[in-house]
Amino acid sequence: MTDLFDNTAETKDQTQSFELLPLAARMRPVKLDEYAGQSHLFEPSKPLYQAIEHGKLHSMIFWGPPGTGKTTLARLIAESSDCHFIAISAVLGSVKDIRNAVDEAQMYQHQGKKTILFVDEVHRFNKAQQDAFLPYVEDGTFTFIGATTENPSFEVNNALLSRARVYVLKSLDKSALENILHRALNEPKGLREQNLTVTDKARELLVEVADGDARRLLNLLEMASDYKQTSDTSDTGQIDEIIISAIIGDQIRRFDKGGEAFYDQISALHKSVRGSDPDASLYWFCRMIDGGCDPLYIARRVVRMASEDIGNADPRGLQLAINAWDVQQRLGSPEGELAIAQAVVYLACAAKSNAVYMAYKKCMQEIRDENSYEVPLHLRNAPTKLMKELDYGTAYRYSHDEPHAFSAGQSYFPDEKEASQYYQPTDRGLEKQIAEKLAFLKGLNDKY
């Protein structure tokens, strides 16, 4: 007769189902002291530490790269605070899912238990979806925790952002990754039963390729373990760099196309060119190419750099940038990428001037702030008899007929507007000669 109170079979089934989980899921910390990295958030004086320590939670957003523990931290906070935990994904979720979460939270609220609503990839929710749970954040139905890889300033509604504190999670450092690797190899829920060892070189390679991502590290380790069991004929339980290299293949470092890392790296490239550091410029260019960035996107940005930061100090820079763009379109990789690299290095080494860029911004702002002045009569075109009778073009002086091909004293601004000097060339590169030429012409105007 079966004992209805015998749960041995159920426990066995649970154990077997747990063993079927991916290694990254099995190694998810269940206590805060198992949590790796983010030490900057857990110093005793920090707000997050204080909130967890005293059980006074507030709505928050975790912003950081993949694999840095955003979801895990939210679960651990719920566990340590004895809160009911509801998780929804903004990728798959809808307003209906939010309503269901609200109903569930209200049910627990009536039972005297607090709820944490965790929204993964919260930046994927549109404004209507974010607004749907905002009232329940305000009335305390649940504490909201969002996770995002994107900058919340751009992707989260201001109303929600103002009610949540943003915590920045950083890529895990080498020490944190090595600690996770050690736990995975030695804990029962990890790979301890396989008696695996990892050589120093293989360990370094795993940590390097993980690129600050704990989930990626554990996935690679699990793949290496599977490879060891199925494809490696040696009797040892050793994972070496040959196995790791076979697992990695052509995998590339983390590069979030269109995300925060993307804009950080293009910013680093632009600022390195502006700072006249060809080596750093080349480094960031290669980082982006290695990460899978579209070379044509970089080529377009390089053209912008040529105009914004080199300008008339060396006009050849703009032509070289356009040529590199053209080569990439015509030849593709890798020839086109080499041409872009040439342009990047040239621009970094070129004389710098943002005089045109600053002049353009100043002029645009002035035009927005002022009236729309009429074009002076002497500058107007007069293709018809009526226009000539109305004095269109009258008193205009043709500069090529004047000494130095310059009509000294002739004004080209609207009659009602005082002349402005937007463009102020530098004393670098070709602009030094341009400045001398403009000073000479100004002298002629002054004498007129």
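The values are calculated or read from the model by the stated rules, or taken from the named source; none is laboratory data. Worth saying up front: this structure is predicted, and the values here are computed from it rather than measured. When we count neighbours, we look across all protein chains shown, and the Cβ atoms used for this are built from the backbone with ideal geometry, even at glycine.
Remarks
- Residue satisfying all of: in the stretch 325-372; aliphatic (A, V, I, L, M) and assigned to a loop (DSSP other than H, G, I, E, B); farthest from Asp279 (Cα to Cα) among these: Ala351
- Sole exception among (1) surrounded by fewer than 18 Cβ atoms within 10 Å (Cβ to Cβ); (2) within 25 Å of Val30 (Cα to Cα); (3) modelled with pLDDT of 90 or more for Ala74, by number: (1)
- Residue list for the stretch 77-104, restricted to those being farther than 21 Å from Val30 by Cβ, out of contact with any Phe, Trp or Tyr (no Cβ under 9 Å at 6 or more places or on another chain) and of a type in the set (Gly, Ala, Ser): Ser89, Ser94
- Boolean, Phe125 is touching a residue at least 40 places away in the same chain (Cβ under 8 Å) and buried (at least 19 other Cβ atoms within 10 Å of the Cβ): no
- Considering residues of the stretch 21-38 that are among the aliphatic types (A, V, I, L, M) and not in a loop (DSSP other than H, G, I, E, B) only, the residue nearest to Leu76 (Cα to Cα): Leu32
- Residues satisfying the stated conditions in the stretch 133-168, i.e. within 20 Å of Ile86 (Cα to Cα) and among the acidic types (Asp, Glu): Glu138, Asp139
- Test: residue in the stretch 86-93 that is in the same structural domain as Asn126 (by TED's automatic domain parsing), modelled with pLDDT of 80 or more and under 30 Å from Glu178 (Cβ atoms): yes
- Yes/no for Thr148 being under 17 Å from Leu73 (Cα atoms), touching a Cys at 6+ places or on another chain (Cβ under 8 Å) and surrounded by 21 or more Cβ atoms within 10 Å (Cβ to Cβ): no
- Among residues of the stretch 276-294 that are at pLDDT 90 or above, those with a Cβ under 7 angstrom from a residue that is part of a loop (DSSP other than H, G, I, E, B) and not small (Gly, Ala, Ser), sequence gap 6+ or separate chain, pair up as Ser276/Lys352.
- Sole exception among (1) closer than 30 Å to Met27 by Cβ; (2) among the aliphatic types (A, V, I, L, M); (3) assigned to a helix (DSSP H, G or I); (4) without any contact (Cβ under 8 Å) to a residue 24 or more places away in the chain for Met107, by number: (1)
- Helices (runs of 4 or more DSSP H) contained entirely in the stretch 126-214, each with at least 1 residues that are closer than 26 Å to Gln106 by Cβ: 127-138, 158-161
- Scoring Met387 on the criteria (1) modelled with pLDDT under 90; (2) assigned to a helix (DSSP H, G or I); (3) exposed (fewer than 11 other Cβ atoms within 10 Å of the Cβ) leaves a single failure, condition (3).
A quick yes/no check of all residues on (1) in the same structural domain as Val119 (by TED's automatic domain parsing); (2) free of Cβ contacts under 8 Å to residues at least 40 places away in the same chain; (3) closer than 18 Å to Phe142 by Cα:
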residue	(1), (2), (3)
Leu32	no, no, no
Leu57	yes, no, yes
Trp63	yes, no, no
Thr72	yes, no, no
Ser80	yes, no, yes
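- Residue ID - surrounded by the most Cβ atoms within 10 Å (Cβ to Cβ), chosen from residues in the stretch 329-363 that are more than 18 Å from Asp309 (Cα to Cα) and at pLDDT 90 or above: Ala339
- Of all residues in the stretch 404-448 being hydrophobic (A, V, I, L, M, F, W, C) and under 44 Å from the mean Cα position of the chain (by Cα), the one that is farthest from Ala351 (Cα to Cα): Phe413
- Residue match in the stretch 302-316 (condition: surrounded by fewer than 16 Cβ atoms within 10 Å (Cβ to Cβ) and of a type in the set (Gly, Ala, Ser)): no
- Scanning the stretch 404-431 for residues being in a helix (DSSP H, G or I) and without any contact (Cβ under 8 Å) to a residue 12 or more places away in the chain gives a total of 1.
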